[in-house]
Amino acid sequence: MTPKIVLEGVSYCYPDPSASPVYALSSLTLEVKAGDFLCILGPNGSGKSTLGRLFNALLLPTEGSVQVDGMDTRNTALLWTIRTRVGMVFQNPDNQIVGTIVEEDIAFGLENLGIPPIEIRARVDWAMDKVGISSYAKHPPNLLSGGQKQRVAIAGVLAMKPSYIVLDEPTSLLDPNGREEVLRTIQELHGEGIAVVLITHRMEEAMLASRLLVLEKGEAAFLGDPAQLVEEDELRRHAHLDLPPAIRLAQLLREGGIPLPSFLSRPEELTRTLCALKRNT
Amino acid sequence: MRIEAEHLTYIYGPGLPWEKRALDDVSLQFEEGEFVGLVGETGSGKSTLVQLLNGLLRPTSGRVLLDGVDLTDKKAPIWKARLQVGLVFQFPESQLFAETVAEDIAFGPRNLGLSRQEVAKRVEESLLKVGLEPARFRQRSPFTLSGGEKRLVAIAGILAMEPRVLIVDEVTAGLDPRGKRDILTRIKLLHRNERVTVIMVSHDMDEIASLVERVVVLKGGRICRQGLTREVFSDEESLAGCGIQLPTIPHILSSLVKAGWSLPVSIFDVREAARLIAQEYHDGII
Amino acid sequence: MALSDVVTLGQYIPGDSLLHRLDPRTKFLAATALTILLFFVTKVTGYLFFLAILLAVVTASGIPLRFLLRGLRPILFLILFTFIVQALFSQEGNIILQWGFLVIRDEGLWKAFFMSFRLTLLVLVTTLLTLVTSPIDLTDGLDRLFSFLHVFRIPVHEIAMMMTIALRFIPTLLDETDTIVKAQISRGAPLDRGNIFRRLRGFVAVLIPLFVSAFRRADELAQAMEARCYRGGEGRTRMRSMVLHWTDLWAALGALALGLAALAFNWLAVP
């Protein structure tokens, strides 16, 4: 059985005794395989955070099922295994840090799993090194920047050796430097083989993924790769997803007769490609 | 209203081991009705400057003048004067506290000692100014609103005091693209219709470039660069020295210029940029 | 630069003295034992001996004396109050001074002095404990010390976890309070001017947002803790080990010896 997360016909309904049921998610079917980089894109209220919480059983589907490596999230006996397999990083950097100093927070998850102290120490040091925060080991969290705090959160999840990491809008409360730090770390982790599910409303981040799911009012409006989404003008306008300026520029230049390749994920690529093309003419 | 900062210096924790000079001899003028951007890396002194301008903090040395009146004068009734400079903090929705939207917006006017009719009038007007239909929102609990709506209510709360200057700090922080667009449109309209002076603090250079006439760049508590938007956003190196980057399109243009292309840098419209790049590209072939 | 940089947590002063390096459980038990012993000391010389011990220990810890004395500031009023009440309302002994219905007797004066002195010593012992032990070490130590109570269904670990989280969030909440206060002052809230009643009204505008935010934090933090498999104290291990060393044993015996010496002094001494 290939390791993967499978969502089959998943719907989620918030319990509301007074009114008629409000579906936050409707009939979603989706797979996340090992090593994937999936981005879940959508405006606020589209259901993306709800979807994120289904991956690690923080929420259970009202209809349909969620299977993580063959384990059904409804199975309470497997809850802790599932949550070790699927790590989660949240939007607010402060509200996920429990420890009074960085290394204590990273150890938190491992302590919960009852892992022997010597191994905890080894894994904490390893995780801090991987994420590049070893120099902050003894710092209290309130002395860290937003980007650093998010990296601490990522290290804390990484220490638990997950196969999948779900990140729920990890950069939306950060300044540009913090955003870059965190995205770089995420890409490095993906490079090491961990499957990444990045939930965001920023198109620039979506361009980094290999697959995109666009949610609109709880329904899947698009599932494909970023290059395809760039072409879907009507859909994007509907979901208020403007093209990042660099990509829009590339589009216009293509219309103006410059033979740029169909998809460029970063501004640097645009400049490089333009220069290369000019040299060759 | 004209705001002037004269040789402002602010030191946190003077005499203590963690003493920090957050602002060092900063002098600035903001004319009535201007739309100015205030940028700089984290720790450059932006929030300190902004809190000095509205009288929350008293400078260690230097003066702040509102239409020539010294805000820092010990004898001046500072609290009323400072209310003419409205400051919208980052994530302002976290300061909502009243039972209804109307009550929360009324907080400011009531503190000003206005009559009940005047307060009610200001609440209605402020809701309209931020684009929230009074009939729909007046009686709702602020805690049941969406993030973007809460933020608009918080801004309305400041507008209800009818400030002559509006300072907004990272006003689009944490909002999705639509929310960002809505709020920026509102602010643009406010600037145009009410003729308030707007000072916008932001980390988003694209946002700043699209809205402001003038940019002030702070670094290490000092003014690093200031001038008209297209002047400031024309030289990548000097901006890097100030700790900030160019907006996206100018950045691309600047990279091409470095590779030998002949292009202007401070172009902010993507179509214009495309036209110029295509022209330069095809000229090279011919 | 914010409120949390200015307000220090508790009275802990970092250092590397023997006292700092002792296990927090040892320090806590020693402080408790000395506190109890204090109630058996009834003569001035006994108190003086106690005071001498305290001063010696403080010197050994490398912490300037003024920090120890600073710990008295919050309760200075209480000490004074105790003294005055005892002096004025005691019925024992002969009258020294009289002024209308206010009477001061000699026995009463002695008693006032004793009680104030004892109160002072009590506070100094606890101050000393918090000066050489960081809040998190103390919480951790108490967690381990009292963990046997879970047999009686007392949720020791959970209480310790709550305290740890509270300690972790104090600087964060202080910063948030600072921001909210500034935001409301910017709306003209009478927080820094006017009489007490006006100021209280203004505080509603600070307390409510703070509470709302605190509850939201708690909710988000709980989700994050669950996502990392938190399920209470059952089966939990700790990265940090807390091991008793020989120094702890010697320190404990030393504390015991000093305490007994103080008692002996008490019985043998005259006044």
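What follows draws every value from the coordinates through simple rules; no lab data is involved. What you are looking at is a predicted structure, and each value in this text was computed from that prediction instead of being measured. Cβ coordinates were reconstructed from backbone atoms using ideal geometry, including for glycine residues, and neighbour counts include every protein chain displayed.
Taking chain C as the reference, fit the longest principal axis to its C-alpha atoms, fit the long axis of helix C:24-38 to the helix C-alpha atoms, and give the angle between the two in degrees, 0 to 90, nearest 10.
30 degrees
Rounded to the nearest 5, what % of the DSSP beta bridges within the protein assembly as shown are antiparallel ones?
Close to 55 percent.
Quick check for me: using +1 on Lys/Arg Cβ and -1 on Asp/Glu Cβ, what's the dipole size of chain B about its Cα centre, in debye to the nearest 20?
The dipole of chain B has a size of about 800 debye.
How would A:S172, B:S146 line up from fewest to most surrounding beta-carbon atoms within 10 angstrom?
Working: A:S172 19, B:S146 12.
Fewest-to-most Cβ neighbours within 10 Å comes out as B:S146, A:S172.
Could you tell me what percent of the DSSP beta bridges with both partners in chain A are antiparallel, to the nearest 5? Could the numbers behind the result be given before it?
On the way: 20 of 38 bridges.
If we restrict to bridges inside chain A, about 55 percent are antiparallel.
Hey, which aspartates and glutamates would be in cross-link range of A:K217, C-alpha to C-alpha under 16 Å, not counting anything within fewer than 8 residues on its own chain?
Filter leaves B:D176.
Once you've got the GNM for chain A with C-alpha springs shorter than 10 Å, pick whichever of A:D242, A:D69, A:D16 has the biggest mean-square fluctuation.
Largest GNM mean-square fluctuation: A:D16.
Under a point spin-label approximation (7 Å from Cα along Cα-to-Cβ), what is the B:E231-C:A261 distance to one decimal in nm?
For the pair B:E231/C:A261, the computed spacing is 7.8 nm.
Quick check: net charge around A:T84, other residues with Cβ under 10 Å of its Cβ, Lys/Arg +1 and Asp/Glu -1? Kindly include the intermediate steps, with their values, before the conclusion.
On the way: positive: A:R83, A:R85, A:K161, C:R228; negative: none.
Here the count lands on +4.
Roughly how many Å is it from the Cα centre of the stretch B:104-146 to that of the stretch A:94-127, as a whole number?
Here the answer is 48 Å between Cα centres.
Can you give the extra length, in nm with one decimal, that the chain gains between C:T237 and C:A214 once fully stretched, where that is 0.36 nm per residue apart less the Cα-Cα distance? Each step should come with its number before you reach the end.
Numbers: separation 23, 0.36 × 23 = 8.28 nm, distance 2.83 nm.
Between C:T237 and C:A214, full extension yields 5.5 nm more.
Once each part is reduced to its C-alpha centroid, what is the distance from the stretch C:14-51 to the stretch A:61-78 in angstrom?
The two parts, judged by their Cα centres, are 56 Å apart.
Provide the packing ranking of A:175-182, A:95-102, i.e. peptides ordered by the mean count of other C-beta atoms within 10 Å per residue, highest first.
Highest mean packing first, the order is A:95-102, A:175-182.
Starting from the 7 Å offset along Cα-to-Cβ, what nm value, one decimal, do you get for the label separation of A:K161 and C:F81?
5.9 nm
Below 25 Å, Cα to Cα, which lysines can A:K138 reach? Residues fewer than 8 away in the same chain don't count.
Result set, ordered by chain and number: A:K130, A:K149, A:K161, B:K20, C:K27.
Compute the length gained on full extension between C:N94 and C:R21: take 0.36 nm times their separation in residues and subtract their Cα-Cα distance, giving the result in nm to one decimal.
Net length gain for the segment: 21.2 nm.
Quick one: B:I252, C:I196, C:I53, fewest Cβ neighbours within 10 Å first, how do they rank?
Numbers: B:I252 26, C:I196 6, C:I53 19.
Ascending Cβ contact count within 10 Å gives the list C:I196, C:I53, B:I252.
Using only atoms on other chains, find how many Cβ atoms lie within 10 Å of each Cβ of peptide C:231-239 and report the average.
On the way: counts 4, 1, 1, 2, 4, 6, 11, 5, 17.
Mean partner shielding for this stretch: 6.
Once every DSSP H run of n ≥ 4 in chain C is given -39500 (n - 2.57) and the sum is divided by its residues, what mean residue ellipticity at 222 nm do you get, rounded to the nearest 500 deg cm²/dmol?
Calculated mean residue ellipticity at 222 nm is -22500 deg cm²/dmol.
For a distance above 14 Å, tell me the whole-number percent of Cα pairs in the stretch C:197-255 that qualify. Numbers along the way, then the final one.
Numbers: 1312 of 1711 pairs.
Here the long-distance tail beyond 14 Å is 77 percent of all Cα pairs in the stretch C:197-255.
Return the distance in nm (one decimal) between the two label points of a simple spin-label model at B:T9 and A:D16, each offset 7 Å from Cα along Cα→Cβ.
5.9 nm
Using each residue's phi in the stretch C:55-72, evaluate 6.51 cos²θ - 1.76 cosθ + 1.60 at θ = phi - 60° and report the 3J(HN,Hα) Karplus result to the nearest Hz, with x for Gly and Pro.
4, 4, 5, 4, 4, 5, 7, x, 8, x, 4, 4, 5, 5, 5, 4, x, 7
Within a 10 angstrom radius of the beta carbon, how do C:S90, C:S17 rank from fewest other beta carbons to most?
Values: C:S90 18, C:S17 14.
Ordered from fewest to most neighbouring Cβ atoms within 10 Å, C:S90, C:S17 come out as C:S17, C:S90.
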